[in-house]
Structures are given as structure tokens and as C-alpha cells.
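Participant: Below is one structure. I have some questions about it.
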Amino acid sequence: MTGINVHGEADLEDPTLVEGLPGVGLVGKIATDHLVDHLGMDRYASVRCEGLPQLGVYVPDERDVRPPVRIYADEDRDLLALESDVPISPQGAPNFADCIVEWLAAESVTPIFLSGYGTTDRATPPEFFGVATGGAGGPLDDLEIARPDEHGAISGPTGALIASAAERELEGLGLVVQTNPQFPDPEAARVLIEEGIAPLTGIEVDVSKLVDQAEEIQDQRERLAKQLQEAKQEASSEAKPLGMYQ
């Protein structure tokens, strides 16, 4: 059966859904995975929309496999989270997006879409801005979240979700953060949570784990850069060309 198969129970009044598909810097996935783990959210629904690969995901210490894309719920916080273990192909993105947005509209769910803006000149902390669909930008203005300062587009599956929401005039928000395009970026995910998701939803989230991850990744990147530089120097010393008459 395709679509959103709800199998959990949650009394949700006016829920917000945080979308966490894999993308540049993995910012959306890192942020959403952190919310699910830190808040102890319960699995609420399985996503079996057209465009998704048919496979079963297994995890440590669990017998039952699970679908690659799932929705989790936190009844007390009126919060949903879309978690994915797989990327969505460009070919499958339109059908997938229409399936998700149709369900969001039917269930009166307000989505928060997350995207990374890849740049090798990322600020510290990363800068971010907000966009909206269906005229829902008021909360972004109230929190003084920046507007885009240039003409651009959000691509990939998240872009397809935003386009589908805009077409249906579904009220939704989009947060776009600067991110490293080559490495997972937990620092950018922290900014999304601490300065975007948390104030927009009124929840409190401990992001200290993401801070530790960011420091660890930074150390790894510095070690890698040093190793590459040393390898480059060694290679150049061994392969230095000689003039014909030297």
C-alpha cells in the first residue's frame, strides 16, 4: 500500500513537521535525527510513497527491519519529524513530494523544510535565512530570521517538497543554512535547531551533542588537511623535474 501508513497513536492538535531528508552537508538529516533521538520521539507512520526505494533497514540490537523513510511523533510537543535513511532520486522526487504534501494538507500539518547552502566560505557560526509557502512567513519576521539576500533556488527532494507545497498554497516554512559542501556539518544543524526550529516550535532542545560532533569533525578535517598537505609535499619532492643540462 503506497502513501503514509499511520500505525502509531498520538493526539496532535496543530502539529508541525520537521523534514530531514539527506542533502548537502546532511544538515537536515543531522538536525532531524537529533530531534528524534534527544526528544525520544515515537515512530508514528511509515512512508511508502512512489519514488522511494523498496528496501528494509536494520539497526543495531533490533530484530525487526523498518522502512527507509519514517515519521516520528511527540504528542506533548505537538511535533512530527520526517526521518530518512536514504536519498531520494531526482526521478522519484516529484511523486514523493506530492505524496508527502498531500498528506500534510489533509492532516493540517505545518512543515518546516530544511536545506543546506553549500559554500567553501562558510561563516562561523553559519548564516541562515528563511522562506515560506502559502503566505506563512509571519513567524520568520517575528523572530527576525533573515530573508534571502540573493536570487536562488532550492533543488533536490526538499526543493520538490517546497515547490509542491507552494503549488497547493500549503502554509509552510523553509530554513536554509550555510554548510560545508564536502563534509557532514553538525554545526550548521545546530544553528537550524537552536536559532530556527526551537523558537519556531516553542520547544527546548539540548544541542551539546552536536557541538561535540562539530568539534570532532573539525579536528578530523584538520588532520586530513595536514595529511594531504604532507603527502603533496612528499610527492612534489620526489617528482621534481630536472632540466636537461643540470
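The values are calculated or read from the model by the stated rules, or taken from the named source; none is laboratory data. Just so it is clear, the structure is predicted and the values come from calculations on it, not from any experiment. As a convention, Cβ positions derive from the backbone with ideal geometry for all residues, glycine included, and neighbour counts pool all protein chains shown.
Participant: Quick one: is A188 within 15 Å of K29 (Cα to Cα), touching a helix residue (DSSP H, G or I) at 6+ places or on another chain (Cβ under 8 Å) and crowded, with 20+ Cβ neighbours inside 10 Å? Step through it out loud before you land on a result.
Facilitator: Values: within 15 Å of K29 (Cα to Cα): yes; touching a helix residue (DSSP H, G or I) at 6+ places or on another chain (Cβ under 8 Å): yes; crowded, with 20+ Cβ neighbours inside 10 Å: yes.
When the stated conditions are applied, A188 passes them.
Participant: Checking P139 against (1) surrounded by 11 or more Cβ atoms within 10 Å (Cβ to Cβ); (2) part of a loop (DSSP other than H, G, I, E, B), which test does it fail?
Facilitator: (2) is the only condition that P139 fails.
Participant: Now for a different question. Would you say T133 is farther than 26 Å from E9 by Cα and out of contact with any Gly (no Cβ under 9 Å at 6 or more places or on another chain)? Show your work before the answer.
Facilitator: Details: farther than 26 Å from E9 by Cα: yes; out of contact with any Gly (no Cβ under 9 Å at 6 or more places or on another chain): no.
Here the answer is no, as T133 does not meet what is asked.
Participant: Moving on. For the stretch 44-84, which positions are surrounded by fewer than 20 Cβ atoms within 10 Å (Cβ to Cβ) and either of a type in the set (V, I, T) or within 17 Å of T201 (Cα to Cα) (or both)?
Facilitator: Of everything in the stretch 44-84, those that are surrounded by fewer than 20 Cβ atoms within 10 Å (Cβ to Cβ) and either of a type in the set (V, I, T) or within 17 Å of T201 (Cα to Cα) (or both) turn out to be V57, V59, V65, E75, D76, R77, D78.
Participant: Would you point out which residue out of T124, T32, T119, T110 is of a type in the set (S, T, Y) and loosely packed, with under 12 Cβ neighbours inside 10 Å?
Facilitator: T124
Participant: Under the condition of being modelled with pLDDT of 90 or more and among the polar types (S, T, N, Q), which residue from the stretch 46-88 is nearest to I197 (Cα to Cα)?
Facilitator: S84
Participant: Among the residues of the stretch 91-107, what is the count of those that are in contact with a strand residue (DSSP E or B) (Cβ under 9 Å, 6 or more places away or on another chain) and surrounded by 16 or more Cβ atoms within 10 Å (Cβ to Cβ)?
Facilitator: Total satisfying the criteria: 7.
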